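The values are calculated or read from the model by the stated rules, or taken from the named source; none is laboratory data. Small disclaimer: the values here were computed from a predicted structure and weren't measured. Cβ placement follows ideal geometry from the backbone for every residue including glycine, while neighbour counts extend to all protein chains displayed. These area figures cover heavy atoms from the full protein model, side chains too; ligands, DNA and RNA do not enter into them. Shrake-Rupley method; radii C 1.70, N 1.55, O 1.52, S 1.80 Å.
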Amino acid sequence: IWAGGITLAIAGVLIVKYAIDIGLFGRVFTPPVQVVCGLLFGLGLIGGAEFAHRQRARVDDPRVSQALSGAGISTLYAAILVAANAYELISPLTAFFGLALVTLGALGLSLRHGMPSALLGLAGGLAAPALTGGADVNVPLLSTYLALTIAALVGVSRSQRWFWLAPLALIGGAGWSL
């Protein structure tokens, strides 16, 4: 199940590029279309996770919805980063807010689908500023973002009784201060 989820995440990142490299879509599959397809694929994977979660009678293993949710979150992170860093379709600040929104979604999904979504939210949420601007990010904005991200991670940690998540979030936040 986990191998399938990882494969879907990689597919979400690479399949569009491969189709372009072999000339499958010609001029129709422009960079903006690629990004939109990546976003739609990520949202589709999250929709599949919701469907699997609701069909417990047919899908008896909770890892199916966890893997689909994780693959969708990873694909959304990748699509936003490609839009900002590879194609420069959006500004670093817009990418930053997009990644923050995906992080918020990942934390929300963790309440429904479990720890893998929380771990992706932790990693993506703490890495977002570095991936979209690093040292060029506005310090008050960065501080506010990190405070909100860490607070959300601690809240999820407390509500789900994942006591290991809060210290990881605090260590990650301390890493930014160093």
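Pairs linking a residue in segment 117-132 that is within 17 Å of residue 82 (Cβ to Cβ) and surrounded by fewer than 22 Cβ atoms within 10 Å (Cβ to Cβ) to a residue that is β-branched (Val, Ile, Thr) and modelled with pLDDT under 90, with Cβ atoms under 9 Å and 6 or more positions apart or on different chains, are 130/137.
Residues that are open to solvent by 40 Å² or more (accessible area, probe 1.4 Å), at pLDDT below 85 and not polar (S, T, N, Q): list the helices (runs of 4 or more DSSP H) wholly contained in segment 1-108 that include at least 2 such residues. First the steps, then the outcome.
Working: elements: 2-21, 31-54, 62-81.
Those helices (runs of 4 or more DSSP H) span 2-21, 31-54.
Going through (1) outside any helix (DSSP H, G or I); (2) of a type outside the set (Gly, Ala, Ser); (3) open to solvent by less than 20 Å² (accessible area, probe 1.4 Å) one by one, residue 163 falls short only on (3). Hey, any hits in segment 61-84 for a residue that's touching a helix residue (DSSP H, G or I) at 6+ places or on another chain (Cβ under 9 Å), touching a residue at least 24 places away in the same chain (Cβ under 8 Å) and over 24 Å from residue 7 (Cβ atoms)? Yes, some residue in segment 61-84 is touching a helix residue (DSSP H, G or I) at 6+ places or on another chain (Cβ under 9 Å), touching a residue at least 24 places away in the same chain (Cβ under 8 Å) and over 24 Å from residue 7 (Cβ atoms).
Within segment 133-146, the residues that satisfy the criterion of being part of a helix (DSSP H, G or I) and open to solvent by 60 Å² or more (accessible area, probe 1.4 Å) are 135, 136, 139, 140, 143, 144.
Please work out if residue 169 is within 30 Å of residue 2 (Cβ to Cβ) and open to solvent by less than 20 Å² (accessible area, probe 1.4 Å).
Values: within 30 Å of residue 2 (Cβ to Cβ): yes; open to solvent by less than 20 Å² (accessible area, probe 1.4 Å): yes.
Answer is yes for this residue.
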